[in-house]
(Lines give C-alpha, C1' and ligand atoms only; values in the text may rest on other atoms or scores of the structure.)
Protein backbone atom coordinates (compact mmCIF):
# COMPACT_ATOMS: atom_id res chain seq x y z
CA UNK A 1 0.00 0.00 0.00
CA UNK A 2 2.90 2.35 0.74
CA UNK A 3 4.45 1.92 -2.71
CA UNK A 4 1.42 3.32 -4.60
CA UNK A 5 1.13 6.27 -2.20
CA UNK A 6 4.83 7.08 -2.60
CA UNK A 7 4.48 6.61 -6.36
CA UNK A 8 1.63 9.12 -6.54
CA UNK A 9 3.78 11.60 -4.60
CA UNK A 10 6.66 11.17 -7.02
CA UNK A 11 4.37 11.65 -10.01
CA UNK A 12 2.92 14.82 -8.48
CA UNK A 13 6.42 16.20 -7.80
CA UNK A 14 7.48 15.27 -11.33
CA UNK A 15 4.52 17.05 -12.89
CA UNK A 16 5.26 20.17 -10.84
CA UNK A 17 8.92 20.16 -11.89
CA UNK A 18 7.95 19.58 -15.53
CA UNK A 19 5.61 22.57 -15.45
CA UNK A 20 8.35 24.68 -13.87
CA UNK A 21 10.73 23.69 -16.66
CA UNK A 22 8.32 24.00 -19.58
CA UNK A 23 6.45 27.17 -18.59
CA UNK A 24 9.10 29.59 -19.97
CA UNK A 25 8.80 27.86 -23.36
CA UNK A 26 5.09 28.60 -23.80
CA UNK A 27 5.60 32.04 -25.37
CA UNK A 28 8.61 31.05 -27.51
CA UNK A 29 6.70 29.70 -30.57
CA UNK A 30 4.72 32.92 -30.84
CA UNK A 31 7.88 35.02 -30.66
CA UNK A 32 9.54 32.91 -33.37
CA UNK A 33 6.50 33.26 -35.65
CA UNK A 34 6.37 37.06 -35.32
CA UNK A 35 8.45 39.34 -37.53
CA UNK A 36 11.01 41.46 -35.67
CA UNK A 37 10.28 45.13 -36.38
CA UNK A 38 11.77 48.49 -35.46
CA UNK A 39 10.27 50.86 -32.85
CA UNK A 40 9.30 53.35 -35.58
CA UNK A 41 7.24 50.68 -37.40
CA UNK A 42 5.32 49.93 -34.20
CA UNK A 43 4.68 53.64 -33.69
CA UNK A 44 3.47 54.07 -37.27
CA UNK A 45 1.16 51.04 -37.09
CA UNK A 46 -0.15 51.97 -33.64
CA UNK A 47 -2.35 48.87 -33.46
CA UNK A 48 -3.81 48.58 -29.97
CA UNK A 49 -3.58 45.06 -28.57
CA UNK A 50 -1.26 43.73 -31.28
CA UNK A 51 1.51 41.32 -30.27
CA UNK A 52 4.84 42.57 -31.59
CA UNK A 53 8.51 41.69 -31.40
CA UNK A 54 10.56 44.86 -31.53
CA UNK A 55 14.32 45.48 -31.67
CA UNK A 56 15.93 48.76 -30.66
CA UNK A 57 18.31 50.55 -28.30
CA UNK A 58 17.24 51.09 -24.69
CA UNK A 59 17.25 54.62 -23.33
CA UNK A 60 15.52 56.37 -20.45
CA UNK A 61 15.49 59.30 -18.04
CA UNK A 62 15.11 57.28 -14.81
CA UNK A 63 17.65 54.80 -13.54
CA UNK A 64 17.84 52.30 -10.69
CA UNK A 65 20.88 50.81 -8.95
CA UNK A 66 21.32 47.07 -9.38
CA UNK A 67 21.66 45.20 -6.07
CA UNK A 68 24.82 43.12 -6.52
CA UNK A 69 27.01 45.10 -8.95
CA UNK A 70 25.80 48.59 -8.04
CA UNK A 71 25.45 49.58 -11.70
CA UNK A 72 22.95 52.21 -12.81
CA UNK A 73 20.47 50.66 -15.21
CA UNK A 74 16.91 50.96 -16.55
CA UNK A 75 15.72 47.85 -14.75
CA UNK A 76 16.95 44.67 -13.15
CA UNK A 77 15.89 41.23 -12.01
CA UNK A 78 17.61 39.26 -9.26
CA UNK A 79 17.50 35.76 -7.81
CA UNK A 80 19.11 34.26 -4.72
CA UNK A 81 19.54 30.52 -4.35
CA UNK A 82 21.17 28.31 -1.75
CA UNK A 83 22.54 24.79 -2.05
CA UNK A 84 20.52 22.68 0.37
CA UNK A 85 19.88 18.98 0.93
CA UNK A 86 17.13 17.83 -1.41
CA UNK A 87 14.27 15.53 -0.48
CA UNK A 88 14.42 14.00 -3.96
CA UNK A 89 18.16 13.47 -3.99
CA UNK A 90 19.33 16.25 -6.31
CA UNK A 91 22.14 17.89 -4.32
CA UNK A 92 23.35 20.19 -7.11
CA UNK A 93 20.11 22.16 -7.19
CA UNK A 94 19.98 25.61 -5.62
CA UNK A 95 16.88 26.09 -3.48
CA UNK A 96 15.09 29.38 -4.09
CA UNK A 97 15.50 31.93 -1.31
CA UNK A 98 14.50 35.28 -2.79
CA UNK A 99 13.87 37.15 -6.04
CA UNK A 100 12.63 40.48 -7.24
CA UNK A 101 12.55 43.08 -10.01
CA UNK A 102 12.75 46.82 -10.30
CA UNK A 103 12.17 48.92 -13.39
CA UNK A 104 10.84 52.22 -14.62
CA UNK A 105 9.32 53.23 -17.91
CA UNK A 106 12.01 53.50 -20.57
CA UNK A 107 12.17 53.82 -24.35
CA UNK A 108 13.29 51.66 -27.25
CA UNK A 109 14.66 53.79 -30.08
CA UNK A 110 15.93 53.56 -33.63
CA UNK A 111 16.99 56.23 -36.13
CA UNK A 112 13.41 57.37 -36.74
CA UNK A 113 11.69 57.32 -33.37
CA UNK A 114 11.30 56.09 -29.79
CA UNK A 115 8.75 53.60 -28.47
CA UNK A 116 7.66 53.79 -24.82
CA UNK A 117 8.11 50.60 -22.77
CA UNK A 118 6.31 50.02 -19.45
CA UNK A 119 7.18 46.58 -18.04
CA UNK A 120 4.84 45.04 -15.49
CA UNK A 121 6.70 44.25 -12.26
CA UNK A 122 4.33 41.32 -11.65
CA UNK A 123 5.07 39.61 -14.99
CA UNK A 124 8.47 40.78 -16.05
CA UNK A 125 10.77 38.35 -17.90
CA UNK A 126 14.34 39.50 -18.42
CA UNK A 127 16.41 37.12 -20.58
CA UNK A 128 19.80 38.80 -20.65
CA UNK A 129 23.33 37.78 -19.73
CA UNK A 130 23.53 37.16 -16.00
CA UNK A 131 26.05 38.44 -13.51
CA UNK A 132 26.51 35.63 -10.98
CA UNK A 133 28.23 36.01 -7.61
CA UNK A 134 28.81 32.73 -5.76
CA UNK A 135 29.59 32.85 -2.04
CA UNK A 136 30.60 29.75 -0.11
CA UNK A 137 29.01 28.90 3.23
CA UNK A 138 32.20 29.86 5.10
CA UNK A 139 33.15 32.83 2.91
CA UNK A 140 32.58 36.48 3.72
CA UNK A 141 30.26 37.98 1.08
CA UNK A 142 31.16 41.26 -0.65
CA UNK A 143 30.01 44.32 1.25
CA UNK A 144 27.19 45.15 -1.17
CA UNK A 145 25.76 41.62 -0.90
CA UNK A 146 26.17 41.60 2.89
CA UNK A 147 24.21 44.85 3.10
CA UNK A 148 21.55 43.42 0.75
CA UNK A 149 21.10 40.31 2.92
CA UNK A 150 20.83 42.48 6.02
CA UNK A 151 17.90 44.54 4.72
CA UNK A 152 15.95 41.74 2.99
CA UNK A 153 13.34 40.11 5.23
CA UNK A 154 13.44 36.92 3.13
CA UNK A 155 17.17 36.43 3.71
CA UNK A 156 19.34 35.66 6.71
CA UNK A 157 22.91 34.38 7.15
CA UNK A 158 23.57 30.74 6.24
CA UNK A 159 22.35 28.44 9.02
CA UNK A 160 25.15 26.83 11.07
CA UNK A 161 23.77 23.32 10.66
CA UNK A 162 23.68 23.75 6.89
CA UNK A 163 27.20 25.18 6.71
CA UNK A 164 28.44 22.14 8.63
CA UNK A 165 27.41 19.83 5.77
CA UNK A 166 30.17 19.57 3.11
CA UNK A 167 29.13 21.27 -0.14
CA UNK A 168 25.98 22.79 1.34
CA UNK A 169 25.18 26.41 2.16
CA UNK A 170 26.78 27.92 -0.94
CA UNK A 171 24.72 30.84 -2.18
CA UNK A 172 24.32 32.12 -5.71
CA UNK A 173 23.34 35.75 -6.31
CA UNK A 174 22.14 36.30 -9.88
CA UNK A 175 21.55 39.71 -11.45
CA UNK A 176 20.20 40.58 -14.91
CA UNK A 177 19.94 44.17 -16.10
CA UNK A 178 18.59 46.46 -18.80
CA UNK A 179 21.59 48.65 -19.54
CA UNK A 180 21.10 51.99 -21.31
CA UNK A 181 22.61 52.20 -24.79
CA UNK A 182 22.38 48.43 -25.35
CA UNK A 183 20.23 46.75 -28.01
CA UNK A 184 17.32 44.58 -26.90
CA UNK A 185 14.49 42.59 -28.42
CA UNK A 186 11.19 43.09 -26.60
CA UNK A 187 8.09 40.96 -27.16
CA UNK A 188 4.65 41.93 -25.91
CA UNK A 189 1.43 43.74 -26.65
CA UNK A 190 0.95 47.31 -27.78
CA UNK A 191 -1.29 49.47 -25.63
CA UNK A 192 -2.41 53.04 -26.21
CA UNK A 193 -1.23 55.27 -23.38
CA UNK A 194 -2.43 58.85 -23.80
CA UNK A 195 -2.80 58.12 -27.54
CA UNK A 196 0.81 56.96 -27.68
CA UNK A 197 1.66 53.35 -28.62
CA UNK A 198 3.37 51.69 -25.66
CA UNK A 199 4.75 48.21 -25.05
CA UNK A 200 3.24 47.34 -21.69
CA UNK A 201 2.20 44.50 -19.43
CA UNK A 202 3.92 41.09 -19.37
CA UNK A 203 6.95 41.61 -21.59
CA UNK A 204 9.83 39.38 -22.62
CA UNK A 205 13.03 41.45 -22.78
CA UNK A 206 16.20 39.86 -24.14
CA UNK A 207 19.60 40.79 -25.52
CA UNK A 208 19.48 37.74 -27.79
CA UNK A 209 17.80 37.10 -31.12
CA UNK A 210 14.41 35.33 -30.99
CA UNK A 211 16.14 32.09 -32.01
CA UNK A 212 18.83 32.61 -29.38
CA UNK A 213 16.12 33.22 -26.78
CA UNK A 214 14.36 30.00 -27.73
CA UNK A 215 17.56 27.95 -27.58
CA UNK A 216 18.55 29.46 -24.23
CA UNK A 217 15.16 28.68 -22.68
CA UNK A 218 15.19 25.19 -24.18
CA UNK A 219 18.63 24.54 -22.70
CA UNK A 220 17.45 25.72 -19.29
CA UNK A 221 14.42 23.41 -19.47
CA UNK A 222 16.39 20.23 -20.27
CA UNK A 223 17.50 19.37 -16.72
CA UNK A 224 14.19 19.93 -14.88
CA UNK A 225 12.26 18.10 -17.61
CA UNK A 226 14.70 15.16 -17.46
CA UNK A 227 14.35 15.01 -13.69
CA UNK A 228 10.57 15.26 -13.99
CA UNK A 229 10.40 12.39 -16.49
CA UNK A 230 12.57 10.24 -14.21
CA UNK A 231 10.36 10.92 -11.19
CA UNK A 232 7.17 10.32 -13.14
CA UNK A 233 8.58 7.06 -14.51
CA UNK A 234 9.63 5.78 -11.09
CA UNK A 235 6.33 6.90 -9.60
CA UNK A 236 4.37 5.09 -12.30
CA UNK A 237 6.30 1.88 -11.62
CA UNK A 238 5.61 2.11 -7.89
CA UNK A 239 1.92 2.70 -8.52
CA UNK A 240 1.72 -0.45 -10.66
CA UNK A 241 3.53 -2.68 -8.14
*Out of region 157-198, which residues are modelled with pLDDT of 85 or more and touching a helix residue (DSSP H, G or I) at 6+ places or on another chain (Cβ under 8 Å)?*
168, 169, 173, 185, 187, 190, 197
_Among the numbered criteria (1) under 30 Å from residue 151 (Cα atoms); (2) surrounded by 13 or more Cβ atoms within 10 Å (Cβ to Cβ); (3) out of contact with any strand residue (DSSP E or B) (no Cβ under 6 Å at 6 or more places or on another chain), which one does residue 78 miss?_
(3)
*For region 221-229, indicate whether the set of residues that are exposed (fewer than 14 other Cβ atoms within 10 Å of the Cβ), modelled with pLDDT under 90 and either part of a loop (DSSP other than H, G, I, E, B) or within 17 Å of the chain's Cα centre (by Cα) (or both) is non-empty.*
no
_Checking the condition out of contact with any helix residue (DSSP H, G or I) (no Cβ under 8 Å at 6 or more places or on another chain), in a loop (DSSP other than H, G, I, E, B) and farther than 21 Å from residue 202 by Cα, which residue from 61, 48 passes?_
61
_Within region 30-46, does at least one residue satisfy the condition of being closer than 30 Å to residue 155 by Cβ and without any contact (Cβ under 8 Å) to a residue 24 or more places away in the chain?_
no
*Before we move on, is residue 198 touching a residue at least 12 places away in the same chain (Cβ under 8 Å), out of contact with any strand residue (DSSP E or B) (no Cβ under 7 Å at 6 or more places or on another chain), outside any loop (DSSP other than H, G, I, E, B) and under 30 Å from residue 50 (Cα atoms)?*
no
_I'm told residue 192 meets every condition in (1) surrounded by 14 or more Cβ atoms within 10 Å (Cβ to Cβ); (2) more than 19 Å from the chain's Cα centre (by Cα) except one. Can you identify the failing condition by its number?_
(1)
*Can you tell me which of 114, 118 is touching a helix residue (DSSP H, G or I) at 6+ places or on another chain (Cβ under 8 Å) and in contact (Cβ under 8 Å) with a residue 40 or more places away in the chain?*
114
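The values are calculated or read from the model by the stated rules, or taken from the named source; none is laboratory data. Small disclaimer: the values here were computed from a predicted structure and weren't measured. Here Cβ is always computed from backbone atoms with ideal geometry, including for glycine, and neighbour counts include all displayed protein chains.
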